[in-house]
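The values are calculated or read from the model by the stated rules, or taken from the named source; none is laboratory data. No experiment lies behind these values; they were computed from the predicted model shown. All Cβ positions, even for glycine, are placed from backbone atoms using ideal geometry, and neighbour counts span all protein chains on display.
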């Protein structure tokens, strides 16, 4: 038996009040069918057809669920979308000028948001069940759910030209979480686009990853290259990455709507001092045990030591600091081919060709051997 309209409005208001008491800064409700109704599913299929997802095969594996949230859990009648703010404490781009340091994306300088947000969503979901019954499922960026279109449909913000969600109250700095429920709750109105003629996020991109407004070519995105890409970073992209060793905040940081962003309420997102602008030399020296210890509880741990040191060595190669050559040379005998190859490239940017030739050694991995050939050309001889 369906609840009376007044009762559902009261429940919605109580749910929002509970969400805000838990620290969520944004709240809205939409229908599971919103993704398909907005055309976001069709846009996703077109994006995948162009191959703009790169190696992220998981984007295509469950595209039908992503394209239609109602197909993910047919029993769901409503989706509550929550926004969790994580605004930076200082200049999010400040580390980019420190050539001997690494720049880690703001969201990864504290605890892993997946764990923090999911814990809060489960608590809110339990409150909802206790208050009104029904069933729930919670999602935080780890399931085939298109959170951004759902959040737009729920009125939390709009999809900016950089393809991330923007809020008039929170700017660009917030995570999204979803509670699917079998309860029927009043829907919010979809948010209108407020980007206007602004294109700051497009123009600042170091790798020209936006072929058009509202379209991202992930294959050129630094977040993709430093996090999702498993193999060597394409040579043409390496010099453009600078000292960004995990993710990139450039397009988020320049959004003018950030002037309305407040301070983070969740202390778990407070940046750890050792991750705000870590020394590249220190990071390059990490073995597997030390890597896991330093990044325990951090999203960085998810990519593993080999990919992370690939990023660190790329930053060392871009540093223009000859004194960092010793850190790269120490990795020429690393057990991971991905690390050895990145070390060769870094050294090719920091030391004279004759000095690099003296360090050359045969390598059983074809990709590493190719790095040596690219660095030394026809002069390679073992």
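Listing for the model above:
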item	result
Subset of region 80-104 that is assigned to a strand (DSSP E or B) and at pLDDT 95 or above - its residue that is farthest from the chain's Cα centre (by Cα)	80
Some residue of region 138-146 being crowded, with 17+ Cβ neighbours inside 10 Å, in a loop (DSSP other than H, G, I, E, B) and in contact with a strand residue (DSSP E or B) (Cβ under 6 Å, 6 or more places away or on another chain)	yes
Failed condition for residue 339, given (1) assigned to a helix (DSSP H, G or I); (2) in contact with a helix residue (DSSP H, G or I) (Cβ under 8 Å, 6 or more places away or on another chain); (3) within 29 Å of residue 88 (Cα to Cα); (4) modelled with pLDDT of 95 or more	(3)
Check on residue 163, within 24 Å of residue 260 (Cα to Cα), surrounded by fewer than 21 Cβ atoms within 10 Å (Cβ to Cβ) and either free of Cβ contacts under 8 Å to residues at least 24 places away in the same chain or assigned by TED's automatic domain parsing to the domain that holds residue 34 (or both)	yes
Where residue 231 falls short, out of the listed (1) closer than 26 Å to residue 143 by Cα; (2) touching a strand residue (DSSP E or B) at 6+ places or on another chain (Cβ under 9 Å)	(2)
Failed item, numbered, when residue 184 is tested on (1) assigned to a loop (DSSP other than H, G, I, E, B); (2) in contact with a helix residue (DSSP H, G or I) (Cβ under 6 Å, 6 or more places away or on another chain)	(2)
Selection within region 200-212 - in a loop (DSSP other than H, G, I, E, B) and surrounded by 14 or more Cβ atoms within 10 Å (Cβ to Cβ)	205, 206, 207, 209, 210
Number of the exception - residue 179 against (1) in contact with a helix residue (DSSP H, G or I) (Cβ under 6 Å, 6 or more places away or on another chain); (2) at pLDDT 95 or above; (3) part of a loop (DSSP other than H, G, I, E, B); (4) more than 30 Å from residue 369 (Cβ to Cβ)	(3)
Verdict on residue 369 being within 21 Å of residue 236 (Cα to Cα), in the same structural domain as residue 288 (by TED's automatic domain parsing) and touching a helix residue (DSSP H, G or I) at 6+ places or on another chain (Cβ under 7 Å)	no
Yes/no for residue 307 being more than 17 Å from residue 348 (Cα to Cα), modelled with pLDDT of 95 or more and buried (at least 20 other Cβ atoms within 10 Å of the Cβ)	yes
